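Single-structure report; data block below.
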Amino acid sequence: MKKRSGIQILIFLLLIMGMVIVILPMLYMISTSLKPNGALYEYPPKFFPKLHEITPENYAYILSQRKFAGNFINSLFVSVCTVLISAVVSSALAFCIARFRFPGRRALFAFIILTMIIPGTTMIVPQYELAVKLKTINSSCGLIPFYVAWVIPYSTFMIKGFVEGVPTELDEATYMDGGSIVTVYLHVIMPLIKPGIASISIFNFLTAWEEFPWANTVINDDLKRTLPIAISGFFGQHQFTQWGYVFALSVLSLLPVLIVFISCQKFFVKGLTAGSVKG
């Protein structure tokens with residue numbers, strides 16, 4: 001009994017250490033964003049600012065820059081569109097693969113899984129050539145088709161498990177009542193796999209929101225750039241003198257991610273555990 005208690009205490013301590021390692025950089029980023037720029041170089045250094053040292057001047061400066069508001073809107077637009085389009089396409093594809101038997105079904109699913117293991121950096125050259133032909137260079141809207149293409153394989157793979165968890169008897173009952181395939185998909189499958197779609201949508205939102213290499217490759221106009229590129233450029237300009245501005249911008253960029261996660265939190269754990277039953 002004592003041995004078991006000792007193991008539990010050890011596990012608890014390891015979890016606390018892991019939590020501190022994960023949270024500490026974020027706390028430092030937030031505390032630095034609330035300090036005056038001159039206070040960053042004081043000695044001895046202080047992790048948290050004193051109450052009278054806390055200032056919103058870094059956030060006021062960032063919010064006063066219109067170009068960052070435009071970059072923020074660009075990222076939000078691209079991310080939301082990616083989430084919505086990928087949710088519709090991947091759920092429909094997963095429904096077809098899970099419910100219907102057609103020639104090439106296994107080959108199609110194997111191809112979807114195969115695309116998941118291809119490193120994204122190896123596809124930059126052919127993707128750039130495709131973007132040139134589609135005339136989507138230097139356009140925020142041009143990012144959306146590529147982001148959707150990236151997340152569809154993983155989304156389809158995961159959502160297929162949720163669809164297979166829905167009893168086929170519900171489909172048959174709908175068909176007997178005169179319902180069509182579209183009716184089954186919209187009114188039977190979709191309502192029951194919402195937790196799965198919500199959990200996958202969090203990852204898809206993060207993918208589009210944080211993506212840097214491809215957006216940096218195809219977008220040159222400052223006004224059309226997404227937020228990660230703006231942060232990178234801003235960091236290069238202010239890394240030696242104005243860390244408060246850099247960290248304030250980084251904190252503001254995390255807000256949409258936190259809002260999405262908190263909003264979908266009740267679906268997140270439920271979706272992951274349900275999707276692990278079948279795949």
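No lab work stands behind these numbers, since they all come straight from the coordinates. In this text the structure is predicted, and so the values were computed from the model without any measurement. So basically every Cβ, Gly included, is an ideal-geometry build from the backbone, and we count neighbours across all protein chains shown.
The Cα-based radius of gyration of the chain, divided by its Kirkwood radius, gives an Rg/Rh of 1.06.
Summing -39500 (n - 2.57) over the DSSP H runs of n ≥ 4 in the chain and dividing by its residue number, what mean residue ellipticity at 222 nm do you reach, to the nearest 500 deg cm²/dmol?
When only DSSP H runs of four or more count, the value is -23500 deg cm²/dmol.
Computed over the chain, relative contact order equals 31 percent, with contacts defined as Cα pairs under 8 Å that lie 6+ residues apart. In order along segment 257-263, the Karplus-derived 3J(HN,Hα) couplings, from 6.51 cos²θ - 1.76 cosθ + 1.60 at θ = phi - 60°, round to 5, 5, 5, 4, 5, 5, 5 Hz, and Gly and Pro are given as x.
Would you kindly state how much longer the chain becomes between ALA92 and ILE23 on full extension, computed as 0.36 nm times their sequence separation minus their alpha carbon distance, in nm to one decimal?
21.0 nm
Measuring gaps between exposed loop sites in the chain (chymotrypsin sites (Phe, Trp or Tyr not before Pro); DSSP loop; at most 10 other Cβ atoms within 10 Å), the longest gap, sites not included, is 101-239. Taking amide H atoms as placed 1.01 Å from N in the peptide plane, the amide H of ILE219 lies under 5 Å from those of ASN138, each 5 or more residues away in sequence or on another chain. Each of GLN65 and LEU130 was given a label point 7 Å from its Cα along the Cα-to-Cβ line. The distance between the two points is 3.3 nm.
Only loop residues by DSSP count here, and only those with at most 11 other Cβ atoms within 10 Å; note down the trypsin sites (Lys or Arg not before Pro) in segment 71-110 that meet that.
Answer by residue number: ARG101.
Here the Karplus relation 6.51 cos²θ - 1.76 cosθ + 1.60, evaluated at θ = phi - 60°, turns the backbone of segment 81-91 into coupling constants of 4, 4, 5, 5, 5, 5, 5, 5, 5, 5, 5 Hz, with x for every Gly and Pro. Across segment 130-143, coupling constants 3J(HN,Hα) worked out from phi with the 6.51/-1.76/1.60 Karplus curve, θ = phi - 60°, read 5, 5, 5, 5, 7, 6, 10, 5, 6, 9, 5, 5, x, 6 Hz, and Gly and Pro carry x.
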